[in-house]
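Heads up, the thing below is written out as structure tokens.
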Amino acid sequence: MNPRARELVLEVVEQRYPRALAAFLAGSHAAGTATRTSDIDLVVIHAGPAHRDTIRHGSQLVEVFAHSRASLWEFVDRETELRRSPLLHMCATGVLVRDRDAVGAGIQAQAVRRFAAGPPPLSDHERDDARYAVTDLLDDLDGARDPGEAVFVSARLLVEVARLALARDRQWLGNGKWLWRRLHAHDPALAETLRTDPRTGAVEVLGRVGGSLRDGYRR
């Protein structure tokens, strides 16, 4: 954890949320992996309305995720249905910097349990939708004559295949760098295959879920 980040978020809490019940320093500054471009993630539990703010405190950008106890779990429930819950992850892995009446400790314990349980399983319809999408993208990649088209199709293919591989195994999804981090942590060999040869990786993942799907697909 970055000690300066902890001091900074406490200042933000005191100035903007003096009656907050709990506050979590989350993200890379909590994990000790922050870079020069990293902002600070701060989850605040208070009695006010849910909102998200980006503020500048001194020279540092702070992303504030403010929730009541009720709105926190309502929001997590909605995110969980999508198999991607940054808020749950922040509460499960963040550093508790304020805790009144053990509210924060209770939230963190529940978040740890829910995050460890993973997202809901992939339904048959969702699996087949993903199989069809990946199959279609592979066809587009094989038929691409324009180098620009091939680059963009490959980029989409990487995302769709990574999401399918993670969802199949009931692993949390992510966007951007977090999709790579989730996949690499769960299946480093597949992640490296996709990085170096997206087509081979896509074919491998299709094999895990029943193979290519063209004829007979109906929605």
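Any read-out appearing in this document is the output of simple, stated calculations on the displayed coordinates, not a laboratory observation. Note that this is a predicted model, so its numbers are computed, not measured. For neighbour counting, all protein chains shown are included, and Cβ atoms are generated from backbone atoms with ideal geometry for every residue, glycine included.
Worth a mention:
- Among 16-25, 43-52, 60-69, the order from most to least packed when residues are scored by Cβ within 10 Å on average: 16-25, 60-69, 43-52
- Distance between region 122-157 and region 25-75 - C-alpha centres, whole angstrom: 35
- Residues listed by number, region 159-200, amide nitrogen under 18 Å from TYR217 label point at 7 Å toward C-beta: 159-168, 199-200
- Around the Cα centre of the chain, unit charges on the Cβ atoms of Lys, Arg, Asp and Glu (plus for the first two, minus for the last two) sum to a dipole of about 560 debye.
- Estimated from helices alone, the mean residue ellipticity of the chain at 222 nm is -18000 deg cm²/dmol (sum of -39500 (n - 2.57) over DSSP H runs with n ≥ 4, per residue).
- Sorted fewest first by neighbouring Cβ atoms within 10 angstrom, TRP178, TRP172 come out as TRP178, TRP172.
- For the pair GLU204 and THR54, the difference between a 0.36 nm per residue extended length and the Cα-Cα distance amounts to 49.9 nm.
- Label-point separation, ARG100 to ALA150 (7 Å along Cα→Cβ), nm: 6.1
- Matching label, mean projected area of the Cα convex hull in nm² computed from the structure shown, candidates [x] 12.4; [y] 11.4; [z] 14.2: [z]
- Integer Hz, Karplus 6.51/-1.76/1.60 couplings in order for region 54-71, x for Gly and Pro: 10, 10, 10, 10, x, 9, 10, 7, 10, 9, 9, 10, 9, 8, 7, 4, 6, 5
- Principal axis dimensions, largest first and in whole angstrom, of region 124-208 by Cα: 36, 27, 20
- Across region 92-122, the residues whose backbone nitrogen lies under 16 Å from the label position 7 Å along the beta-carbon direction of ASP77 are 111, 114, 120.
- GLU7 paired with ALA116, simple spin-label distance in nm, labels 7 Å along Cα-to-beta-carbon: 3.5
- Bridge type composition, the chain - antiparallel percent by DSSP, nearest 5: 75
- Ordering ARG127, ARG214, ARG195 from the fewest to the most neighbouring beta carbons within 10 Å gives ARG214, ARG195, ARG127.
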